[in-house]
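What follows is a set of notes on a single structure, which appears directly below.
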C-alpha cells in the first residue's frame, strides 16, 4: 500500500482545534492553517507509533498494509474492555492533539537527539575514585507526561491480561 501523508495522521485539523479550544487554550497562529496543522499531526502520529508500538495491545488490523499502528484487533483497555478494531481510540487521538500542539509551538520537538553525558572524575590515590555524570538540558531526552498519561489506559501491561507484539497471548 503506498504511503499517503495526507491520510495517515491520527485526527484532523478541525478536531485538533476543537480539542484545544474546549480546554481553553490559546492556539499558536500556525494552528489556524490546515497546511501547518496536518504535518504536525503526521509528525506526532509517527512519533506515537514509534515510541509506543511495542506497548500497544493486540495487532494492527491491516497488518503490514496499514501505515499507522491503529486501528488494532484484540486490544483491550485497562478495564478489560475490547477496543473496537474498526477505529482509532480516543486516547490516541487526544495524545496526537497534545503532541501536535507541542510540535506547532516548538517545531522539531520530537526530533531531539540524545547526547551521552560528559563525565568528570575525582580520585584519591589508593583510597577512592568517583566519576560524576554532568547533565545539561541538551543531554536529556524530552519526556511528554501528558502523552504518557493519555495513552496509559490502552497500553499493554496495564492489567488487561491481553497480549502485545512483545508477548504471547494469555489464555485462562
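Read-outs throughout are calculated quantities, based only on the coordinates presented, and are distinct from any laboratory measurement. Just so you know, these numbers come straight off a predicted model, no measurement behind them. Positions of Cβ are generated from backbone atoms using ideal geometry, with glycine treated the same way; all protein chains shown enter the neighbour counts.
Condition test on residue 45, is it part of a loop (DSSP other than H, G, I, E, B) and surrounded by 14 or more Cβ atoms within 10 Å (Cβ to Cβ)? Can you show your working first?
Details: part of a loop (DSSP other than H, G, I, E, B): no; surrounded by 14 or more Cβ atoms within 10 Å (Cβ to Cβ): yes.
Considered against the rule, which asks whether it is part of a loop (DSSP other than H, G, I, E, B) and surrounded by 14 or more Cβ atoms within 10 Å (Cβ to Cβ), residue 45 comes out as no.
A residue that is part of a loop (DSSP other than H, G, I, E, B), closer than 18 Å to residue 146 by Cβ and free of Cβ contacts under 8 Å to residues at least 40 places away in the same chain occurs nowhere in segment 51-62. Kindly indicate the residue of segment 75-100 that is over 11 Å from the mean Cα position of the chain (by Cα) and not in a loop (DSSP other than H, G, I, E, B) and also nearest to residue 151 (Cα to Cα) among those meeting that condition. That would be 90.
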